[in-house]
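Accompanying notes for the structure given below.
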Amino acid sequence: MQSKSTPRESRAGLLYGIGAYGMWGLVPLFWPLLKPAGAGEILAQRMVWSLVVVAAALLFIRRWAWARELLRQPKRLGLVAVGAAVITVNWGVYIWAVNSGHVVEASLGYFINPLVTIAMGVLLLKERLRPLQWTAVAVGLAAVLVLAFGYGQPPWISLTLAFSFATYGLAKKKVNLGGIESLAAETAILFLPALGYLLWLGSRGEAAFGAHGVGHAALLAATGLATAIPLICFGAAAIRVPLSTLGLLQYLAPVFQFILGIWYFHEAMPPERWAGFGLVWLALTMLTWDALRTARRNRARAAELARAVAAGAPAPSASGVPEDAGDPAAAHESGTAKA
């Protein structure tokens, strides 16, 4: 549960949040620097060096008790393995997309991720949605159809990123580990396969690491920092600002990616693609407005309840509908690990 923050802590939390989502939004500038390494090698390097970085962080803060508890719970460990598998897909597709000239389509994946998260909540967790949330989901589906027409095929990069990240968020919610701890557990599972792949590439003389100078090797090693630093900033923000604020800040990342795709990487945006993105943005506007309105209603209800309790009157009844269903920040309650 998020604790109350002082104004100073709230400002710091806002800066941490902007820093986290800003770094996730600007990361398309980083992956091309790692060429001529292929997406597979970059992904494996990211897995290996991420474990090194988070292990060092955990040693510094001396936080290891969670690991023993996790190893004694096979079900939670299995969910961590599921999370590791889907984040591997997410990271791999994202790196390939950026280095293959599909930054705009990759940004779409993170725009529609909240809508996919809502749909999964309804289908898998039997959550109930408010009418405006149903409308937002319907508009999002229409957007995918328009984009499929514009691309001449379903936007598979966007859909893969959105569904893999939504599945990852669901697994993390069930595991209920902190951001650094869950990343450590996931990369520990991925470490040996990733290291084995890198050794195999090296044995064939196909590894880029070390073959293009010390600077290039350092950049590949920096993938661990590029993964861990935004996550640490996100964790610092999550305990200082409301989830509704994080829900709004999360759109910074795909907005930055979208802008980079158009203005820096000069990717094409024909009219039908603008139409599809416009529908997605309309759906997200509906979703965000509904979440903010619900948050205000919840605060008013909490104040009324507090007054009733203080006066010794019966507490007002609450609605049976989960008020956080479809909240844009819901996917971030238990941490995140964006591409």
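The values are calculated or read from the model by the stated rules, or taken from the named source; none is laboratory data. Keep in mind it's a predicted model, so treat the numbers as computed, not measured. Virtual Cβ from ideal backbone geometry, glycine too; neighbours counted across all protein chains shown. Surface areas here come from the heavy atoms of the whole protein model, side chains and all, with no ligands, DNA or RNA. Shrake-Rupley method; radii C 1.70, N 1.55, O 1.52, S 1.80 Å.
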Rounded if a/c under 1.5, otherwise prolate or oblate - the chain, Cα gyration tensor axes: oblate
Accessible area of the chain divided out per residue, in Å², using a probe of 1.4 angstrom: 48 Å²
Lysine pair number, Cα distance threshold 14 Å (strictly under), the chain, separation 8 or more or different chains: 4
Listed residues 18, 158, 224: farthest to the positive end of the dipole of the chain (Cβ charges): 18
Extension gain, residue 176 back to residue 60 (0.36 nm per residue minus Cα-Cα distance, nm): 39.6 nm
Segment 239-281: C-alpha gyration tensor shape, a/c 1.5 cut-off, then a/b vs b/c: oblate
Heavy-atom accessible surface of the chain: percent carbon and sulfur, 1.4 Å: 69 percent
Extension gain from residue 303 to residue 263, taking 0.36 nm per residue of separation minus the Cα-Cα distance: 9.7 nm
Centroid-to-centroid separation of segment 248-311 and segment 66-145 [C-alpha atoms, Å]: 16 Å
Shape of segment 25-149, Cα gyration tensor, a/c cut at 1.5: oblate
Assigned charges on the beta-carbon of Lys, Arg, Asp, Glu; the chain dipole about Cα centre (debye): 1020 debye
Size of charge dipole - segment 193-314 - debye, nearest 20, with Cβ of Lys, Arg +1 and Asp, Glu -1, no other charges: 660 debye
Highest-MSF residue in the chain out of 106, 39, 211 [GNM, Cα springs under 10 Å]: 211
Selection from 146, 214, 70 lying farthest towards where the dipole of the chain points positive, charges on Cβ: 70
